[in-house]
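Written out below as structure tokens is the structure these notes cover.
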């Protein structure tokens, strides 16, 4: 499979993205450890807000930006496309985990949250964007099931 990533017209600060991944890892881990519905709510709502209005409404993005400003961390601009796609995957995993929990399948919810936590750990610790690894397969599925009306 050819290595490709989604491309956007805008850039984001890679340090903010990596710190966002830390907070996602934290909330997913807290859910797994406690089983608390509220940690999943935070994840689900924040991922939804990350995808709206270029993330300006996301409390996690705002907190990450604030902390990096305090630390006077330098900005490292990268293309936003992979991060937008990663947020979509994060939203899907958060919704799936939430649905599993509500439907009475707490182990499935924890496993799904664990996958989200693992992806977030890879991004936070190593800068490895799993979304870029998944994206080519999403394109293949999109070609196979285009869903375009004429």
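Normalising the average separation of contacting C-alpha pairs (under 8 angstrom, six or more residues apart) by the number of residues puts the relative contact order of segment 12-136 at 37 percent. What distance in nm separates the simple spin-label points at residue 5 and residue 45, each placed 7 Å from Cα in the Cβ direction? The modelled label-to-label distance comes out at 3.1 nm.
Highest mean first, how do 88-96, 54-62 rank when packing is the count of other Cβ atoms within 10 Å averaged over residues?
Numbers: 88-96: 19.4, 54-62: 17.6.
Going from most to least packed, we get 88-96, 54-62.
Between the alpha-carbon centres of segment 69-114 and segment 1-51 there is a gap of 3 Å.
If I stretch the segment between residue 128 and residue 72 completely, what's the gain in nm (0.36 nm per residue apart, minus their alpha carbon distance), one decimal?
Working: separation 56, 0.36 × 56 = 20.16 nm, distance 2.36 nm.
Extending this stretch completely gives an extra 17.8 nm.
Quick check on segment 48-150: take the gyration tensor over C-alpha atoms, sort the square-rooted eigenvalues as a ≥ b ≥ c, and tell me if it's rounded (a/c under 1.5), prolate or oblate. Oblate is the answer for segment 48-150, as a/c is 1.5 or above yet b/c matches or exceeds a/b.
None of the figures in this text is laboratory data; all of them are computed from the coordinates on show. Remember, it's a predicted structure, so these values are computed and weren't measured experimentally. Heads up, the Cβs are rebuilt from the backbone with ideal geometry, glycines too, and the neighbour counts pull from every protein chain shown.
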